[in-house]
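The values are calculated or read from the model by the stated rules, or taken from the named source; none is laboratory data. Fair warning: this is a prediction, and the values are worked out from it, not measured in the lab. In this analysis, Cβ positions are derived from the backbone assuming ideal geometry, glycine residues included, and neighbour counts consider all displayed protein chains. Remember, those area values only see protein heavy atoms, side chains included, never the ligands or the DNA or RNA. Shrake-Rupley method; radii C 1.70, N 1.55, O 1.52, S 1.80 Å.
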Amino acid sequence: MLEELKKEVLKANLDLVKNGLVLFTWGNVSARCGDYVVIKPSGIEYESMKAENMVVVDLNGKVIEGKYRPSSDTPTHLELYKAHPEIGGVVHTHSTYATAHAQAERPIHAYGTTHADYFYGDIPCTRNLKESEISEYEKNTGMVINETFKDKDVVAIPACLVAHHGVFAWGKNASEAVYHATIVEEVAKIAFMTEKLNPSANRLPQHIADKHYYRKHGKNAYYGQK
């Protein structure tokens, strides 16, 4: 079942390697179709993965199809899908600069127009999980991301850092989720360099941030071709 979606999810996972976002088996991509989610199998090397290795689960995490165990991060993906029906693809990485921000418990600040083209404001960082939340670690990671986005728009800011952990990014499908994860790493790198050059650097002025975000994503957007 969902054979075409399995191919899309495989390609998206391989794109993590192509885009330099993962080492070894450090990441995963999933995509949703209705009440089902296709996700990378746990601990399988990217170079050996095939479309038929992808695992199909329902929104409760029950394996519907697949001979492998799904990614250990599956419960996190599922919490995002259940809370935000507009999300169709989710990515998790430990990309270097973004993960450094997560380990520092720092959001990725919106210093420039490169950031504003894709994210309407800082990319936030969650709180740390409490000791009482560790028994359901992956599920509660998803819950703490949802808590962080309680007053935020997951479409306008399609990514979140998990404190001391790494990056989750999303989009309307698996490909767009990988695209956003790739941009997260780049703007994290630029933010890091900005702060090294000027530890007192100012955020991008809001009127410029508005211009750059809405010219690409607003109702009167004019960037690119129709």
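Applying the condition of being more than 15 Å from HIS180 (Cβ to Cβ) and among the charged types (D, E, K, R) to the range 12-43 and asking which residue is surrounded by the fewest Cβ atoms within 10 Å (Cβ to Cβ) yields ASP35.
Looking at ALA163, ALA181, ALA177, ALA209, just one residue is more than 16 Å from ALA104 (Cβ to Cβ), among the hydrophobic types (A, V, I, L, M, F, W, C) and in contact with a Ser or Thr (Cβ under 6 Å, 6 or more places away or on another chain), and that residue is ALA181.
Being of a type in the set (Val, Ile, Thr) and modelled with pLDDT of 95 or more is the filter here; which residues of the range 23-43 pass it? Those that are of a type in the set (Val, Ile, Thr) and modelled with pLDDT of 95 or more: VAL29, VAL37, VAL38, ILE39.
Across the range 212-222, the number of residues qualifying as in contact (Cβ under 8 Å) with a residue 40 or more places away in the chain and either in a loop (DSSP other than H, G, I, E, B) or open to solvent by 50 Å² or more (accessible area, probe 1.4 Å) (or both) comes to 1. For the range 179-199, a residue qualifies if it is of a type in the set (S, T, N, Q) and either in a helix (DSSP H, G or I) or open to solvent by 90 Å² or more (accessible area, probe 1.4 Å) (or both), and the qualifying residues are THR182, THR194. Tell me whether the range 121-131 contains one or more residues that are exposed (fewer than 14 other Cβ atoms within 10 Å of the Cβ), more than 14 Å from the chain's Cα centre (by Cα) and not charged (D, E, K, R). There is at least one residue in the range 121-131 that is exposed (fewer than 14 other Cβ atoms within 10 Å of the Cβ), more than 14 Å from the chain's Cα centre (by Cα) and not charged (D, E, K, R).
Set side by side, the residues TYR111, TYR97, TYR46 differ, and just one is crowded, with 17+ Cβ neighbours inside 10 Å and over 26 Å from LEU23 (Cα atoms), which is TYR111. Yes or no: GLU176 open to solvent by 20 Å² or more (accessible area, probe 1.4 Å), closer than 25 Å to VAL17 by Cβ and either assigned to a helix (DSSP H, G or I) or in contact with a helix residue (DSSP H, G or I) (Cβ under 9 Å, 6 or more places away or on another chain) (or both)? Yes; evaluated as a whole, the condition is true for this residue. No other residue among GLU86, GLU79 is open to solvent by 70 Å² or more (accessible area, probe 1.4 Å) and either under 26 Å from GLU133 (Cα atoms) or acidic (Asp, Glu) (or both) apart from GLU86.
Restricting the range 38-88 to residues that are without any contact (Cβ under 8 Å) to a residue 60 or more places away in the chain and acidic (Asp, Glu), the residue that is nearest to ILE145 (Cα to Cα) is ASP58.
Scanning the range 132-143 for residues that are among the aliphatic types (A, V, I, L, M) and open to solvent by less than 60 Å² (accessible area, probe 1.4 Å) turns up nothing.
Listed by first and then second residue, the pairs linking a residue in the range 191-208 that is closer than 18 Å to ALA102 by Cα to a residue that is of a type in the set (A, V, I, L, M, F, W, C) and in a loop (DSSP other than H, G, I, E, B), with Cβ atoms under 8 Å apart and 6 or more places separating them unless they lie on different chains, are THR194/ALA201; GLU195/ALA201. Consider ILE134 carefully, then state whether it is without any contact (Cβ under 8 Å) to a residue 40 or more places away in the chain, touching a Phe, Trp or Tyr at 6+ places or on another chain (Cβ under 7 Å) and farther than 17 Å from HIS94 by Cβ. Judged against the criteria, ILE134 is not a match. When the range 144-157 is limited to residues that are buried (at least 18 other Cβ atoms within 10 Å of the Cβ) and without any contact (Cβ under 8 Å) to a residue 60 or more places away in the chain, the one that is nearest to ASP73 (Cα to Cα) turns out to be VAL144.
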